[in-house]
Amino acid sequence: MATAVRCSIRLAAKGCSCNSTANQFVTKTIGLERSFSTTASRSKRTRSKRVAAKLEKSNHPLAKEVIALEKELDGLTKDPSDNAWDPISQRARTRFPIASLPPRAGKLKQTFMNVGDPDPWEYEDTLEDDDDDINALAHGELEQHREIRHYARLAAWELPLLSKLAKPFQPPTANMPLRFRYSSYMGEQHPAEKKVVLEFSPADMPNLTGLQREKLKKLAGVRYNPETDIVKMNCEMFETQAQNKRYLGDVVDSLLAEARDPKDTFEDVPLDTRHHHFKPKPKFPEEWLLTAERREELQQYRRRAAMKDQQKELVGQIVDGRLQIEEGLSKAAAARQVMPELLMVGDLKPKGKRVAVRR
Amino acid sequence: MASSNCWRCLSRPANASLLPLSRPSFSTTAFVAAAPKASTKAPARAKGEKTLRIKKKAFVKTGKPPAPGERKAMRKRIVLSNTNALEVAGMKDLDAEMVDSMVRGEDAVLDGALQSKGETHEDVVGKVVGLKGETVDSLRAVEAFKTTQGWGLFRRPGLLIREESVELCRRMTDAAANKKALRLVIDGEKGSGKSLMLLQAMATAFVKEWVVLNIPEAQELTNAVNDYTPVDGTKPTLWSQNTYTANWLGQIGKANNAVLQNTTMRKEYKLPIPVQSNISLARLCELGARDPDVAWPIFQAFWSEITNPGRRPVLICLDSLSNIMQTSSYRAPDYSLIHSHDLAIVRHFVNLLSRPTSGLPNGGAIIAATSRSHAPISKSMELAIKQSEEKAAQLRGWPGKVTQRDPFEKSYDERADKALQNVEVMRLKGLSKVEARGLMEYWAQSGVLRSRVDEETVAQKWALAGNGIVGEIQRGALWMRI
């Protein structure tokens, strides 16, 4: 028991220490008031003295019964015949006499010199391990297991209660053409928390003529997506979400006011879509699908082709390049044979100077 | 350094070792630690020791270096026959009769009438026809053959007749019959036979005794490799390329000699050189070819002569059209770039191509082919071709819109837009399998394709060549060695 307590103190101490790397391995307890636990509860219950005195004073039969039960229980635990633990405790005593245990150093006074230093009793190696407990890692595992169970319990019992808070989805109506997007980081601090994105379609904007709508698209510039017909803009230049949203609303207002302004209708300016890449989406052509009819058609075509070849072969119209070459060569040879070979008459020695080929 | 010796007398110190050493008076390193000075002389070799000595050989000149222009001639050489190739038996030659029968056959098919006996359209399509000697000479004179085409593989030049060539033949014949000008741009993928379609048009024109003018490569007109001068009295200034024009006139005269010899000049022209009144047009061309300075005026006279009523139809062709649809590389005296349409020959061609009212009173055709392998991108030309095709599709009742020009595109050329406003486009696609088979049979008969030509091999090559792109079929079947 003592080692367990020491261990938990060690864990708590570790948790308190400034050493952040140690923090990772520290198990965190989830509140003491949990209703269910896998670990054994305190083995010995000592009733407060006040309650015992009250019990003795009262002459209620139930109280007497309780006192009798208690005594009986005490007698059971302090059975003088049960001395099985004695040799073990003796052995422990001989191995680790009380005097040999490292002296528990008291908390040092905080001075300028030791500010931020870990307390001496925080050093792992200064403490003796009794080998009668699972190690810290295992405690951590156990703690994690508890945690998982805790959340499983939450999921089982409390999450269903959230459905009471559910509201039915209300699709936006025609007079809500603006769609805002906010980003939340679940309570964490984030630089993009204040960003607000606004999307709207010029086609949904009220009280616009066709010309004005076109002008609105042209005014929106690169923020206009011609494929989806949606203008998208965002703002994160102000401190808070609300300010950014307000700004976006103002921009839409001014855009609409400009679009409705008949002074310049921008009719002569073509809508610029150079900023948008119309990505072609290749689709598998339907004609390429190998349906049963298509397969039949192909088979017929192949049969026809084979028939055509057969017919041509019968007539001898199939042209074979190799045969053609052989035929051509044999014809040429025959022509050469028909031609009488020319013989040189007279002096076989060639006339003229012999000139060596220069290389 | 001061010497301890006496300066005046030459007496040497008795003990040389007592001479003060030239070393610093104070040093932290030991004197012995100083690196000994490397001796400059190589250590003496021991007697009888051998060393390897490699003497560099002097550069030996072998043969003669190529003379100026020889390499270019080699590069530009066009070989039209190969005596090792087999002669294809039963190959017919392209002549006027064949052209007529092609057209008739087409008409018969169009009318839905039964085909008359004898040679019909169906028979010719997918066959390779030979070219007669005179036609080959003429085509060679107008530089219709190109080095990139595989003429050197075969015994003699032959042409595959495809559906499109019959169509082109028919339209040319119609144009000549109706005394109208066929204005056409031939477009298609790389290797789809655009230049060969031009060649076919020229061959047809030669056998039908038209007058043929050909600009074999528009790039040569615009990439500033020829001399150029402003033409007097033109505003905005027109620039004539005299040497090119002279050469061109020579080519025209040579190629069309058969027609031009028997055609005499009818009118009088104010020419910078005295010219006889009734000389033949072939002679006129020769005169122009001889003197670059007068080439342009003589060309103008020549043109007005051949477009006189009652003369032969005229075919004028140009390859790689996009070159003349932008500014040229020539510079005006103020160093601004000259637009291609301000060059005399280009202007002449573009006027003919763009003007709906015929510049050819005797009928004829103006055909330009695009180039898809080595040509600048002309946005205007691309758009004009696309629009023209879409309009044609709409006329045929197919759904679809006409593409509008991109309002934010900067590289459109206004003059090119205007020139190509309403020009017809003939798009060349891949060969049909019948045509591909005919072509491959011709190759096998010539002994250059060493395989059996049946439906299977044809289908293989046809499919691998992107559905019958003829250049790719040729590459896969003839030029690729696996």
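The values are calculated or read from the model by the stated rules, or taken from the named source; none is laboratory data. These figures come from a predicted structure and were not determined experimentally. Positions of Cβ are backbone-derived with ideal geometry, glycine not excepted, and every protein chain shown enters the neighbour counts. Heads up: the accessible areas ignore ligands, DNA and RNA and are worked out on the full protein's heavy atoms, side chains in. Shrake-Rupley method; radii C 1.70, N 1.55, O 1.52, S 1.80 Å.
Quick notes on this structure:
- Taking all protein chains together and a 1.4 Å probe, the residues B:His341, A:His145, A:His190 rank A:His145, A:His190, B:His341 from largest to smallest accessible area.
- Full extension of the chain segment joining B:Asp406 with B:Arg331 gains 24.1 nm, where the gain is 0.36 nm per residue of separation less the Cα-Cα distance.
- Largest to smallest accessible area among A:Ile230, B:Ile324 [probe 1.4 Å]: A:Ile230, B:Ile324
- Cα-based helix-to-principal-axis angle, B:433-445 vs chain B, degrees rounded to 10: 60 degrees
- Solvent-accessible area of B:Leu80, all protein chains in place: 20 Å² (probe radius 1.4 Å, heavy atoms, ligands and nucleic acids excluded).
- Simple spin-label estimate for A:Gln300 and B:Arg475 in nanometres, 7 Å along Cα-Cβ: 3.6 nm
- Rounded FRET efficiency, nearest 0.05, which uses the C-beta distance separating A:Asp264 from B:Ala177 and R0 of 56 Å: 0.45
- Of all accessible heavy-atom area on the stretch B:164-429, the percent that carbon and sulfur account for (1.4 Å): 49 percent
- Where B:Thr204, B:Thr147 fall by accessible area, highest first, once all protein chains stay in place (1.4 Å): B:Thr147, B:Thr204
- Put simply, the amide H of B:Asp413, placed in the peptide plane, has neighbours under 5 Å in B:Ser380, leaving out anything fewer than 5 places away on its chain.
- Placing R0 at 22 angstrom, the Cβ-Cβ distance between B:Ala393 and A:Glu287 gives a FRET efficiency of 0.70 after rounding to 0.05.
- Surface burial for A against B, with a 1.4 Å probe and both sides summed, reaches about 1700 Å² of accessible area.
- Spin-label model distance (nm) - B:Arg140 vs B:Lys55, 7 Å beyond Cα toward Cβ: 5.3 nm
- Amide H within-cut-off set for B:Leu213, under 5 Å, with H built and near neighbours excluded: B:Leu315, B:Ile316, B:Cys317
- Cα shape, the stretch B:264-335, gyration tensor, a/c 1.5 rule: oblate
- Partners for A:Lys218 among lysines (Cα-Cα distance below 18 Å; same-chain residues under 8 apart left out): A:Lys232, A:Lys263
- Rounded to the nearest whole Hz, the Karplus-based 3J(HN,Hα) values (6.51 cos²θ - 1.76 cosθ + 1.60, θ = phi - 60°) of the stretch A:245-251 follow the sequence 5, 4, 4, 4, x, 5, 4, with x at glycine and proline.
- The mean accessible area for residues of chain B, using a 1.4 Å probe and ignoring ligands and nucleic acids, is 57 Å² per residue.
- Flagged links, alpha-carbon separation over 26 Å, of B:Lys146/B:Lys190; B:Lys76/B:Lys429; A:Lys215/B:Lys410; B:Lys72/B:Lys132; A:Lys217/B:Lys401; B:Lys146/B:Lys208: B:Lys76/B:Lys429; B:Lys72/B:Lys132
- Per-residue ³J(HN,Hα) for the stretch B:390-397, Karplus 6.51 cos²θ - 1.76 cosθ + 1.60, θ = phi - 60°, Hz, x for Gly and Pro: 5, 5, 4, 5, 5, 4, 7, x
- Shielding value for A:299-305 is 2, the average number of Cβ atoms from other chains within 10 Å of each residue's Cβ.
- Note on A:Lys54: lysines with a C-alpha under 20 Å away, same-chain residues under 8 apart excluded, are A:Lys64, A:Lys71.
- Computed from phi, the 3J(HN,Hα) profile of the stretch A:294-311 under the Karplus parametrisation 6.51, -1.76, 1.60 (θ = phi - 60°) reads 5, 4, 4, 4, 5, 4, 4, 4, 5, 4, 4, 4, 5, 4, 4, 5, 4, 4 Hz, with x in place of Gly and Pro.
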